[in-house]
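Reviewing the structure listed below.
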Amino acid sequence: MSINVCESSPDSLLSVPVKVSRQHKPGNTTVDISGVEIGATEIVIIAGPCAVESNEQLTETARAVKSAGAKILRGGAFKPRTSPYSFQGLGEEGLKMLSAIRAETGLPVVTEVMDTRQVKIVAKYADMLQVGSRNMQNYPLLKEVGMQNKPVLLKRGMMATIEEFLLAAEYVLNQGNENVILCERGIRTFENSTRNTLDLSAIPMLKRHTHLPVIVDPSHGTGHRWMVPAMAKAALAAGADGLIMEVHYKPDEALCDGYQSLGLKDFEDLMSELRKIALATDRELK
Ligand code: PEP
Ligand code: MN
């Protein structure tokens with residue numbers, strides 16, 4: 001099976017019916033994350049800290065995002081940090097904290113797996129496995145998560161084309177795991193006023209070419225707390241099935257990505273705004 005990567009018209013992307021394509025499956029796929037459906041009429045909000053830092057931080061944040069309407073909790077235990085001297089995450093201790101707060105709140109948890117050697121342990125605790133931007137083309141990792149019985153949240157590589165993104169998802173589907181959610185999280189461009197350039201055109205483009213659910217990360221997509229609400233609303237207006245956002249009970253004290261994390265009140269206010277967008281686009285957000 002070959003794919004014409006040189007094709008200049010985006011309309012002929014994936015002209016062979018690979019498993020991620022709409023030619024292969026015309027209807028939308030919905031992915032079930034321990035009882036929470038992504039890809040159906042209801043918009044799903046995933047929220048939580050960039051990294052799990054402590055029981056207090058995770059508990060306070062999780063309770064607040066739940067009461068504001070988030071349906072899934074995020075939090076990294078294994079963190080891909082630019083500097084090896086930055087906080088690297090709590091590892092298995094963090095996974096245990098996620099598991100404990102899931103038991104209390106009932107929120108399914110998504111957390112990143114960075115390495116094939118971590119897949120088993122992360123899959124033991126998480127409801128959904130996150131493959132981060134830096135690993136989108138880590139083919140052994142994609143195959144390994146494809147062999148697990150857990151949904152996969154695949155984030156777009158920061159320099160990946162739509163076609164590369166879809167073919168990365170194809171690796172997971174090829175192993176028999178069809179529960180893949182795609183996440184646009186911004187790409188590298190010449191623009192440096194934002195951390196990344198959030199490519200909202202990826203939403204309709206992905207929706208056109210694939211049956212998989214598409215969500216957006218306006219936190220990493222902008223790198224600015226103040227910009228997250230505008231881009232979150234725009235993402236829903238453009239047809240995203242959900243959002244993943246960084247929220248912290250004390251953003252200014254966060255060990256990771258505090259500058260792009262919403263505080264608890266900001267998140268609650270944003271949820272009310274998002275409900276209006278959902279309504280206006282014939283979606284639901286409870
Ligand atoms: C994250 O979600 O915590 C993260 C590291 O995101 P990305 O892989 O998109 O940079
Ligand atoms: Mn982060």
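The values are calculated or read from the model by the stated rules, or taken from the named source; none is laboratory data. Predicted, not measured: the structure shown is a model, and the values here were computed from it. Positions of Cβ are generated from backbone atoms using ideal geometry, with glycine treated the same way; all protein chains shown enter the neighbour counts. The area values use the complete protein model at the heavy-atom level, side chains included, leaving out ligands, DNA and RNA. Shrake-Rupley method; radii C 1.70, N 1.55, O 1.52, S 1.80 Å.
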Worksheet entry | Tabulated pairs, segment 204-220, first under 20 Å from Pro151 (Cβ atoms), second open to solvent by 10 Å² or more (accessible area, probe 1.4 Å) and within 15 Å of ligand 2 (Cβ to nearest atom), C-beta under 6 angstrom, 6+ apart or interchain | none
Discussion item. Taking the conditions exactly as written (more than 16 Å from ligand 2 (Cβ to nearest atom) and among the acidic types (Asp, Glu)), does Glu184 satisfy them or not?
Written reply: no
Discussion item. Looking at segment 192-210 only, could you name the residues that are within 19 Å of Thr281 (Cβ to Cβ) and either assigned to a loop (DSSP other than H, G, I, E, B) or among the aliphatic types (A, V, I, L, M) (or both)?
Written reply: Leu198, Leu200, Ser201, Ala202, Ile203, Met205, Leu206
Discussion item. Kindly evaluate Lys150 against the criterion of being closer than 27 Å to Ile187 by Cβ and without any contact (Cβ under 8 Å) to a residue 60 or more places away in the chain.
Written reply: yes
Response to the item:
Taking segment 86-110 and keeping only residues that are open to solvent by less than 20 Å² (accessible area, probe 1.4 Å) and at negative phi, one is left with Gly94, Leu95, Leu98, Ile101, Thr105, Leu107, Pro108, Val109, Val110
Fill in: Residues being touching a Gly at 6+ places or on another chain (Cβ under 8 Å), among the aliphatic types (A, V, I, L, M) and away from ligand 1 (no atom under 13 Å from the Cβ) - total across segment 182-204
1
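If you go through segment 37-54 one residue at a time, how many are over 22 Å from Ala237 (Cβ atoms) and in contact with a Lys or Arg (Cβ under 7 Å, 6 or more places away or on another chain)? Steps first, answer last, please.
Taking segment 37-54 as the starting set, the residues that turn out to be over 22 Å from Ala237 (Cβ atoms) are 48-54.
Checking the rest, the ones that are also in contact with a Lys or Arg (Cβ under 7 Å, 6 or more places away or on another chain) come to 48, 51.
Adding up the residues that qualify gives 2.
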Worksheet item: Mind checking which residues of segment 63-98 are out of contact with any strand residue (DSSP E or B) (no Cβ under 6 Å at 6 or more places or on another chain) and outside any loop (DSSP other than H, G, I, E, B)?
Response: Arg63, Ala64, Lys66, Ser67, Ala68, Glu92, Glu93, Gly94, Leu95, Lys96, Met97
Item to complete: Give the residue, chosen from Val247, Val228, that is in contact with a Pro (Cβ under 6 Å, 6 or more places away or on another chain) and either within 16 Å of ligand 1 (Cβ to nearest atom) or not small (Gly, Ala, Ser) (or both).
Response: Val228
Practice prompt. Name every residue in segment 236-251 that is closer than 14 Å to Pro49 by Cα and open to solvent by 10 Å² or more (accessible area, probe 1.4 Å), in order of residue number.
Written response: Tyr249, Lys250, Pro251
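Would you say Gly132 is small (Gly, Ala, Ser), surrounded by fewer than 21 Cβ atoms within 10 Å (Cβ to Cβ) and in contact (Cβ under 8 Å) with a residue 12 or more places away in the chain? Let's see the steps before the verdict.
Details: small (Gly, Ala, Ser): yes; surrounded by fewer than 21 Cβ atoms within 10 Å (Cβ to Cβ): no; in contact (Cβ under 8 Å) with a residue 12 or more places away in the chain: yes.
So Gly132 does not fit the description; no.
Among the residues of segment 1-59, which ones are at pLDDT below 75, in a loop (DSSP other than H, G, I, E, B) and surrounded by fewer than 19 Cβ atoms within 10 Å (Cβ to Cβ)? Talk me through it step by step, then tell me what you get.
First, pick out the residues of segment 1-59 that are at pLDDT below 75: 1-16.
Imposing the further condition that a residue be in a loop (DSSP other than H, G, I, E, B) reduces the set to 1-9, 13-16.
Answer for segment 1-59, where residues must be at pLDDT below 75, in a loop (DSSP other than H, G, I, E, B) and surrounded by fewer than 19 Cβ atoms within 10 Å (Cβ to Cβ): Met1, Ser2, Ile3, Asn4, Val5, Cys6, Glu7, Ser8, Ser9, Ser15, Val16.
Just checking, does segment 250-268 include any residue being acidic (Asp, Glu), away from ligand 1 (no atom under 16 Å from the Cβ), touching a residue at least 60 places away in the same chain (Cβ under 8 Å) and out of contact with any Gly (no Cβ under 8 Å at 6 or more places or on another chain)? Show your work before the answer.
Our first condition is that a residue be acidic (Asp, Glu); within segment 250-268, this holds for 252-253, 257, 266, 268.
From the residues that got through so far, the ones that are away from ligand 1 (no atom under 16 Å from the Cβ) too are 252-253, 266, 268.
Filter once more, so that each one left must be touching a residue at least 60 places away in the same chain (Cβ under 8 Å): 268.
Then keep just the ones that are out of contact with any Gly (no Cβ under 8 Å at 6 or more places or on another chain); that gives 268.
Yes - at least one qualifying residue is present in segment 250-268.
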Worksheet entry | From the options Ala232, Ala280, Ala254, residue that is small (Gly, Ala, Ser) and either open to solvent by 70 Å² or more (accessible area, probe 1.4 Å) or away from ligand 2 (no atom under 16 Å from the Cβ) (or both) | Ala280
